[in-house]
Amino acid sequence: MVATSVARVGMLTALMFVSLYPRSVLTQVVPAVGMAPRVGETARDFALTSLDGTPVRLKDRLSHGPVVLVVLRGWPGYHCPFCTRQFGDYLTHAADLKAAGALVVFVYPGPAEGLNAHAQAFAPIKSLPDHFTFLLDPDYAFTNAYGLRWDAPQETAYPSTFVLNARGVVTFAQTSKEHGGRVPVADVLQAVAASAPSARPVVVAELFTSEGCSSCPPADDILRRLAAGELGDIADVIPLGEHVDYWDRLGWRDPFSSASFSSRQSNYDARVFRTDNVYTPQLVVDGRYQALGSNLEAVRRALTAAARYPKAGVVVGAERAGDAGLRVHVAVDLPAALDVHGPADVMVAVTEDHLVTHVRRGENEGRTLQHSAVARSLTAAGHLAAADRAYSATIDIPLSPEWNPANVRIAAFVQERGSRHIVAVGATGPGLPEAKR
């Protein structure tokens, strides 16, 4: 249905750390010395010595592909049983890790005196596969620089695992303050696979909809199917249900509506489609194509057309900042081969699945409507200038108590400011981490 009037409306002594990328790329990317890298940040480069005395730099390992960085809780003269078990798990899955193209770097920290001899006893050099590297961290130079020092009697480092993609961006991170807090290699393999460039196209499908519009429920059902992956034969689809507010005055106020979504839809019409026909349910794909959201064949055609255009990936991570906040980490690295025109905005969307509304008035009076991928917020995290190819930042987003954290997803995408084309995208799976106490 057409709406005729729409608002347009520790200390470094044994190590010297260097930048992994040029200065222009590193803006807001590398964590400060003494802080562990988080998902979306670029891991700080380091140099340590291997068991056979060879100096090894992280950036040299990265030149061969993704890296799994494992920080052990080694203690000279006392071999932590959890470390032994963890190391054995990696040896058992060595072939799987090699098939995934991953290099594994173990860091063994401790006092310099006797560290080499104890490390040799823990991991005999002849038994290491060629894609495993065992490094020594005498006197905790690396451990301190990465903020992982477990400064207590008989302790060295917090057991930690990081997965870095080939560009050094952290795609998985876990640090435990318990001896047994180790990541199973099966989970590491999944993280390595997820960090690899996707062979499948990815598209963003924005549905402009309203609970006050009787034509919208069939489109909402299609969006729910997209969110469930039922129409993934064409591409991996990241759906966003953006409920407009211009139907609210006709008897039912959509609880998910926002004037900002109405303005976004009007902007698409004014700058991309130029039809002077703003309507619901409208599906906009990648800012390039539009279709009647309730017409499955038209939706499939728009998805197919958009899937032909390559995109870069966006690394997205999130953590709870208390009960009422969400801290989102975003990292973008646009390859030189990707055609990007002019400045672009970095957008972060928070969506929620499995929402149900009992409509009491308006065109859908008496109906029970089900929704998924409802956009709870859409925030501009920052922007890239025309010459920029990389961006990284952490933003805080309010987390409403009415949102169910188990059903929340986060998506981030890069959208050209002029054309409105989406050129890079990434998303998390459903569910937010527990709030830190």
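The values are calculated or read from the model by the stated rules, or taken from the named source; none is laboratory data. Keep in mind the model is a prediction, meaning the values are calculated, not measured. Heads up, the Cβs are rebuilt from the backbone with ideal geometry, glycines too, and the neighbour counts pull from every protein chain shown. These accessible areas exclude ligands, DNA and RNA; they are computed on the full protein's heavy atoms, side chains included. Shrake-Rupley method; radii C 1.70, N 1.55, O 1.52, S 1.80 Å.
Close contacts from the range 276-289, counting a first residue that is in a loop (DSSP other than H, G, I, E, B) and a second that is aromatic (Phe, Trp, Tyr), with Cβ to Cβ under 8 Å and a gap of 6+ residues or different chains, come to Thr280/Phe208; Thr280/Trp247; Pro281/Phe208; Asp286/Tyr309; Gly287/Tyr268; Arg288/Tyr309.
For the range 352-363, a residue qualifies if it is assigned to a strand (DSSP E or B) and open to solvent by 10 Å² or more (accessible area, probe 1.4 Å), and the qualifying residues are Leu355, Val356, Thr357, His358.
Which of the following residues is modelled with pLDDT of 90 or more, polar (S, T, N, Q), closer than 21 Å to Ala36 by Cα and open to solvent by 10 Å² or more (accessible area, probe 1.4 Å): Thr156, Thr92, Thr133?
Numbers: Thr156 fails: open to solvent by 10 Å² or more (accessible area, probe 1.4 Å); Thr92 fails: closer than 21 Å to Ala36 by Cα.
Every option except Thr133 fails the conditions.
Quick one: would you say Ala259 is open to solvent by 10 Å² or more (accessible area, probe 1.4 Å), touching an Asp or Glu at 6+ places or on another chain (Cβ under 9 Å) and closer than 20 Å to Thr351 by Cβ? The answer is yes for Ala259.
Residue-wise test of (1) assigned to a loop (DSSP other than H, G, I, E, B); (2) under 20 Å from Gly65 (Cα atoms).
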{"position": "Asn144", "(1), (2)": "no, no"}
{"position": "Ala186", "(1), (2)": "no, yes"}
{"position": "Gln190", "(1), (2)": "no, yes"}
{"position": "Arg200", "(1), (2)": "yes, yes"}
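Scanning the range 364-371 turns up at least one residue that is surrounded by fewer than 18 Cβ atoms within 10 Å (Cβ to Cβ) and charged (D, E, K, R).
Among the numbered conditions (1) closer than 22 Å to Val39 by Cβ; (2) buried (at least 22 other Cβ atoms within 10 Å of the Cβ), the only one that Val374 does not meet is (1). A single entry from Arg73, Arg85 fulfils the requirement of being of a type in the set (Lys, Arg), loosely packed, with under 15 Cβ neighbours inside 10 Å and either in contact with a Ser or Thr (Cβ under 7 Å, 6 or more places away or on another chain) or at pLDDT 90 or above (or both): Arg85.
Val170: among the β-branched types (Val, Ile, Thr), outside any strand (DSSP E or B) and open to solvent by less than 10 Å² (accessible area, probe 1.4 Å), yes or no? When the stated conditions are applied, Val170 does not pass them.
Residue by residue, here is whether (1) at pLDDT below 85; (2) among the aliphatic types (A, V, I, L, M); (3) part of a helix (DSSP H, G or I); (4) open to solvent by less than 50 Å² (accessible area, probe 1.4 Å) holds:
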residue: Gly34; (1), (2), (3), (4): yes, no, no, yes
residue: Val39; (1), (2), (3), (4): yes, yes, no, yes
residue: Asp45; (1), (2), (3), (4): no, no, no, yes
residue: Thr49; (1), (2), (3), (4): no, no, no, no
residue: Val56; (1), (2), (3), (4): no, yes, no, yes
residue: Arg61; (1), (2), (3), (4): no, no, yes, no
residue: Leu69; (1), (2), (3), (4): no, yes, no, yes
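The single residue among Asp286, Asp269, Asp345 that is buried (at least 19 other Cβ atoms within 10 Å of the Cβ), acidic (Asp, Glu), touching a His at 6+ places or on another chain (Cβ under 9 Å) and closer than 18 Å to Leu378 by Cβ turns out to be Asp286. Among the residues of the range 76-105, those that are closer than 22 Å to Gly147 by Cα and either in contact with a helix residue (DSSP H, G or I) (Cβ under 7 Å, 6 or more places away or on another chain) or of a type in the set (Gly, Ala, Ser) (or both) comprise Pro76, Val104, Val105.
Can you name every residue in the range 422-433 that is of a type outside the set (A, V, I, L, M) and either at pLDDT 95 or above or assigned to a strand (DSSP E or B) (or both)?
Residues of the range 422-433 that are of a type outside the set (A, V, I, L, M), as a first pass: 426, 428-431, 433.
Gly426 - this is the single residue of the range 422-433 that is of a type outside the set (A, V, I, L, M) and either at pLDDT 95 or above or assigned to a strand (DSSP E or B) (or both).
Might you let me know whether the range 404-421 holds any residue that is more than 29 Å from Arg253 (Cβ to Cβ), open to solvent by less than 70 Å² (accessible area, probe 1.4 Å), assigned to a strand (DSSP E or B) and among the acidic types (Asp, Glu)? Yes, because at least one residue in the range 404-421 is more than 29 Å from Arg253 (Cβ to Cβ), open to solvent by less than 70 Å² (accessible area, probe 1.4 Å), assigned to a strand (DSSP E or B) and among the acidic types (Asp, Glu). May I ask you to verify whether Ala228 is among the small types (Gly, Ala, Ser), out of contact with any strand residue (DSSP E or B) (no Cβ under 6 Å at 6 or more places or on another chain) and closer than 24 Å to Ala427 by Cα? Judged against the criteria, Ala228 is a match.
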